[in-house]
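Worksheet for the structure shown next.
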Amino acid sequence: MTTATPPRTGRAGSSATPSRRTPIDWRIRFGVLSLIWGFSFLLIKVGTQSFAPFQVTFGRLFFGTAVLAVAIAVRRERLPRGLRTWGHLTVAAFILNAVPFSLFSYAELTIPSTLAGICNATSPLWGMLLSLVALSEDRPTRRRVGGLGLGFIGVLTVLGAWQGFSGLDFTGTAMALLASLSYAVGWVYVRRTLAGNGSSHLSLTGAQLFMATLQLAVVTPLFTDLPTSFPVVPLLAVVALGSLGTGLALVIQFGLVAEVGPTTGQMVTYFVPVIATAAGVAVLNEPLHWNTPVGAVIVLVGAALTQNRSSGSRTARKSEPEPKPTPTPATRSPALASTPAPLTADQP
């Protein structure tokens, strides 16, 4: 699902894909995107019932890359150029795709998809912590620090800290939280290395997913055996996870950001754990205790408070009377995917 918006451009519109009108209302597309990313955790769970975690990850990356390749070809986008750019994309693919996707797949071997979805929602909390250390433009405020503390309380509530974490699988939960942390690390890396790149957001994301697919193509045969059978339901789950949750979802996200802006587009992040929880309980019959939804709400409120609003409406109001366009605000790489955090991309 975890999760992000495209890297910052050097000048307004220098690398942004021109906005394209669509006959489908943006609210409908917003709802579809929320459902796709919310159900991604369920699809991971179903996929790992018959395939190894690395195989699930490779499948989602392969089919996701295929969808973006078609989108790039249809729009006649140019792939990124330069060895330096491709080097950064390779690192970003490892941190933002290969690692978190694999960690979530392994985590859901032992934890419910509902818990994985909520752990994914901690990405903004990790992101705030790292950005305060690594990004000089981010400054701590009482509101953001308070949100971080509130989010931490929410995590403890979800995990049942007052019960001594009874019944909790520590390994699986730790993997899910590390996956969320990996998204945050990747966002910081992308902002430092790919901001101002002249390539379009779509081509950068497609190239990043392609590099992640190559990485899993090397790793998967080393740690797994070729499946002896391909059950229909798990196979369809992996195909849907890649083509919808990793491919189509990013195309929809780009359109939303272009039409309604990143501030509105990023709100999808806060619907993902709600849908993931509902899907896990309704479809997979996963248990649900009171502390799970209550803790999830606390996490989401804390995550929302950590987001810096200074680059949003305040910047927009200041720029209205200016005759010249202002630079595009710093944002984060979509690949991902959910990110989860301004427009967490590709979460999980």
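The table for this structure:
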item: Accessible area of segment 90-248 belonging to carbon and sulfur atoms, whole % at 1.4 Å probe; result: 73 percent
item: Efficiency of FRET between LEU288 and VAL219 - r from beta-carbon atoms, R0 35 angstrom, step 0.05; result: 0.50
item: 1.4 Å probe accessible area per residue over segment 37-157, in Å²; result: 42 Å²
item: GluC sites (Glu not before Pro) restricted to DSSP loop in segment 56-150 with at most 14 other C-beta within 10 Å; result: GLU137
item: Förster-model FRET efficiency, 45 Å R0, ALA174 and SER229, C-beta, rounded to 0.05; result: 0.90
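The values are calculated or read from the model by the stated rules, or taken from the named source; none is laboratory data. Here the structure is a predicted model, which is why all the values come from computation and not from measurement. Every residue, glycine among them, receives a Cβ derived from its backbone with ideal geometry; neighbour counts consider all protein chains shown. When the accessible area is computed, the model is the full protein with side chains, heavy atoms only, and any ligands, DNA or RNA have been set aside. Shrake-Rupley method; radii C 1.70, N 1.55, O 1.52, S 1.80 Å.
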